[in-house]
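The structure under discussion appears below in the form of structure tokens.
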Amino acid sequence: MTMWLRSWIVLVALLLAMPPVHAASQFSKLFTDDSSEDFLPVDEAFKVEAGLVDASHAQLKFTVAPGHYLYRERIQLVLPAGDTAKITLPAGETKNDPNFGEQQVFHHDTLAEVVFTGAAPDMLQVRYQGCSEKGLCYPPQTKSLPLSKSPSFGSAVSSHSITSAASDVAPVEDEFSGKLLSSGRWWQIVAGFFGAGLLLALTPCVFPMIPILSGIIVGKNAHVSRGKAFTLSLAYTLGMCLTYTLAGVAAGLSGQLLSNALQTPAALITGALIFVVLSFSMFGFYELKLPSAVENYFFNWSSRFKGGHLFSDFLMGAISALIISPCVAAPLAGALLYISQTHDVTLGAVALFSLSLGMGVPLLLIGASAGTLLPKAGEWMNTIRRLFGVLMLGVAIWVISPILPVTAQLVLWAVLCIVPAIYLRAIDPLPATAGTVQRLFKGFAVILLLYGIALLVGAWSGARSPLQPLQNLMASSPASVQPLAFERVHSVQALEQRLKAANGQPVMLDFYADWCVSCKEYEQFVFSAPAVRAELQGVLLLQADVTDNHAEDAALLKQFALFGPPGIVFFNAQGQAMQPVIKGYQDAERFVRTVRALKLKPVEALPHA
Amino acid sequence: MRNVARVVMTVLLMVVLGSGFRWLYLNRHQFMATESALPTAADIAPVWATTLFDHGGKAYPLAQYKGKPLILNFWATWCEPCREEMPEISALASAHPQVAVLGLAIDEAAAVHEFIESTPVSYPLLIAENEGMPLAETLGNHKGVLPYTVVISAQGEVTQIFFGRVNRQMLQSALNL
């Protein structure tokens, strides 16, 4: 028996030690500036894959580790030579370099298009160079990549482009989560997950575990020492942690696959519906749990083991986690989704471990008090439950927001603010004898109600962001400015004809769609600005309306390696497209700077000369 | 019944422990400080046989620096952290003439020339476009990063290596100045 005990202590210690050791090693990095020990070898910092799209068209996928960046200008094809192959890269982020001025860099994964004149060769040689934000650089790398039509790469690429075309919001979110990770704030993530676990522990989800646990602790012998009770509940909690940690590992391993698959409109709608269904269970419309037969079976099975065995407790913890997982499925799914986007197995394991540890805190407390500290069930538990319901509905709205028009989003958010505010008694009068807590809640409810109303007003007045619902009421309407006169082009041929006819005039081609929020912002804020108009004087303005996304529209977009609007391409006097192509929204000031940098017009005589 | 349970548990225990240790093993570099071993005097023997040229074509046989404390700074014009640290190295070189300082550029002569025009430094900058990275590797730069700085004592021993940006303080304490 003692041997058993010993081996289990080893296991528990191991499980307990691993994540904290890792977290600690990350933690210490936050405070020491000594970056020499933890930088990546160049091939881990930057990875490049090549895949053939069709006979004369390939794609290169650069994977950039968080905290690293590649210089756009220094990505070059070595083989085949420049006249038989042309590489097109998306616009990068601007980095200010004291010596070279503004440099375009990629902090994130990047797709480059390679077009061959003639058939694609068997081999592609690409040269690239990048640095780490930790203050070191890697020398230029030259990689030979065999070009073969690998199905996995092809599908990953196509699903990626679908994602980006589906909404212009998705890349921003990708960027955000990337930024959070590249900031390297592991402890923030860990603490966040631990906090979420603590909150989950306050839901009735953990309740089914309490009788199991107290059964284990008390077992057949009525009296257990406090230390022993704690050890037992620790083993039980760690068992629960094991299950969740494994789930985290799986999410980390699934990587982009999961998050890519989850970003199609169908998946977004399904996901949102799941959250809605789960939130309704939080409001108590129905109970979600495993069939009681299964639950009873496990319960009976567990009682077969004599209480007081560390291993059986551990196992019971692992199984109980499965039992209650439908109850916590929604937050769990959110966490797993988040982790799968990071492609980080270790992070997944640590995050889910801290989540489950947070969930286990009350269990540990119960153990430590040897069962005397069982919380009393009451109305407060249901309040927490409803709070989670509201949060889940919020998640549901957030999940489908990329495919909803902004007005609909605003209305949904408004509903989500106003209804809970009413439940919080925002408009019921307070009795004169109201206590502090009641008054606090009322104040909070009134704020929520007012914000909800503001959101509704925003929806009616055509606001473009839930964060600034009243912007249209505040801003003086720039209606007096005439919109720029764009000429419409519909196909690649039409564009070429128009470019030829431009006769040495520089040309601007703007991609527009009715459903593209940023395009409307361009119209409203950028193209109306006097500085922009001055800069575009004498430039032939073309616009491609890709609202319906016809094959011709797609061909036009593809020609400039754009996934969707907004996108603005400039052509010089010779009718050649110039780099960089503007992708995404730039405010008037930045737009003017970009246009100036392109030097569209020959240097004109100074006005006073 | 109890025996079956015990066997199952033992197997489970072995699986869990085994995967735990495997995970530890696979991630060992995260737990163990990767103390980079310094190259020995024998390792760096080829360095002394190297001759490099500055952008003007003047030859610098590295053997002439043997017997003096020496700082070798590998850099490139396209490497921003490298350029950031150079004024500090330059100040150290002019403050301590008894220490030899060399900058080895993984770069073209033209780029280095242009750089010196705008940012003069007080120590020779040698062109090592092709030979630089192999040389740095001989001197312990197994990860192939820049900037990379090596401190060699008067006895010809590598006493310290720095991956990434250095400052004057780090170099001075490495040389006991």
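Just so you know, all these numbers are worked out from the coordinates, no wet-lab data involved. These numbers were taken from a predicted model, which means no experiment stands behind them. Positions of Cβ are generated from backbone atoms using ideal geometry, with glycine treated the same way; all protein chains shown enter the neighbour counts.
Local charge sum around A:Ala368 (other residues, Cβ-Cβ under 12 Å, Lys/Arg +1, Asp/Glu -1)?
Summing Lys/Arg as +1 and Asp/Glu as -1 gives +2.
How much FRET efficiency would the formula 1/(1 + (r/R0)^6) give for B:Ser118 and A:Asp428, where r is the Cβ-Cβ distance and R0 is 60 Å, rounded to 0.05?
It comes out at approximately 0.25.
Ranking request for peptides B:67-79, A:529-541: highest mean number of other beta-carbon atoms within 10 Å first, then the rest in descending order.
Per-residue mean Cβ counts within 10 Å order the peptides as B:67-79, A:529-541.
Could you work out the mean count of beta carbons from other protein chains within 10 Å of each residue's beta carbon in B:143-150?
Averaged over the peptide's residues, the number is 5.
So if the hydrodynamic radius of segment A:487-598 is defined as the Kirkwood radius over C-alpha pairs, what does Stokes-Einstein give as its diffusion coefficient at 10 °C and 1.306 mPa s, in µm² per second?
Value of D from the Cα-based Kirkwood radius: 113 µm²/s.
Can you flag which of B:Lys68/B:Lys143; A:Lys86/A:Lys583; A:Lys143/A:Lys583; A:Lys47/B:Lys58 are past 31 Å Cα-Cα?
Checking Cα-Cα distances, A:Lys47/B:Lys58 exceed 31 Å.
Run the numbers for A:Leu470 and A:Gln493: contour at 0.36 nm per residue of separation, minus the present Cα-Cα distance, in nm.
That pair, A:Leu470 and A:Gln493, stretches by 3.9 nm at full extension.
Given R₀ = 41 Å, what would the calculated FRET efficiency be for B:Glu131 paired with A:Arg590, taking r from the Cβ atoms and rounding to 0.05?
Given R0 = 41 Å and the Cβ-Cβ separation, E is 0.45.
Among A:Lys143, A:Lys228, what is the fewest-to-most ranking by other Cβ atoms within 10 Å?
A:Lys228, A:Lys143
If the viscosity is 0.692 mPa s and the temperature 37 °C, what Stokes-Einstein diffusion coefficient in µm²/s follows for segment A:404-472 when Rh is the Kirkwood radius over Cα pairs?
262
Using a 7 Å offset from the Cα along the Cα-to-Cβ direction at both A:Ala485 and A:Glu73, what is the distance between the two label points in nm, to one decimal?
Taking the simple label geometry, A:Ala485 and A:Glu73 are separated by 3.9 nm.
Pop the C-beta distance of A:Ser461 and A:Glu133 into the FRET formula with R0 = 51 Å and round what comes out to the nearest 0.05.
E between A:Ser461 and A:Glu133, to the nearest 0.05, is 0.75.
Going by how many other Cβ atoms sit within 10 Å of their own, how do A:Asp54, B:Asp54, A:Asp109 line up, fewest first?
Going from least to most buried by this count: A:Asp54, A:Asp109, B:Asp54.
Could you give me the ³J(HN,Hα) list for segment A:566-571, computed from phi with Karplus coefficients 6.51, -1.76, 1.60 and θ = phi - 60°, whole Hz, x at Gly and Pro?
Working through the residues one at a time gives x, x, 10, 10, 10, 10 Hz.
Sorted by mean Cβ packing within 10 Å, highest first, what order do the peptides A:569-577, A:128-136, A:432-440 take?
Result, highest mean first: A:128-136, A:569-577, A:432-440.
Which three lengths, in whole Å and largest first, does segment A:42-138 cover when its Cα atoms are put on their principal axes?
41, 27, 18
Between A:Gln574 and B:Ala95, what is the spin-label point distance in nm, taking each point 7 Å from the Cα along the Cα→C-beta axis?
Spacing of the two 7 Å Cα→Cβ label points: 5.3 nm.
Enter the mean number of other protein chain beta carbons within 10 Å of the beta carbon of each residue in B:70-80, as an integer.
Mean number of neighbouring Cβ atoms from other chains: 3.
Using a cut-off of 12 Å between beta-carbons, work out the net charge of the residues near B:Thr138 (Lys and Arg +1, Asp and Glu -1, B:Thr138 not included).
Net of charged neighbours comes to -3.
With each label point set 7 Å from Cα along the Cα-Cβ vector, what nm distance links A:Thr142 and A:Gln125?
Going from the A:Thr142 label point to the A:Gln125 one covers 0.5 nm.
In terms of the Cα gyration tensor, with a ≥ b ≥ c the square roots of its eigenvalues, is segment B:32-151 rounded because a/c is under 1.5, prolate because a/b exceeds b/c, or oblate?
It comes out rounded by the Cα gyration axes.
Inside 10 Å of the C-beta atoms of B:160-166, what's the mean count of C-beta atoms belonging to other chains?
If you average over the peptide's residues, the count of other-chain Cβ atoms is 4.
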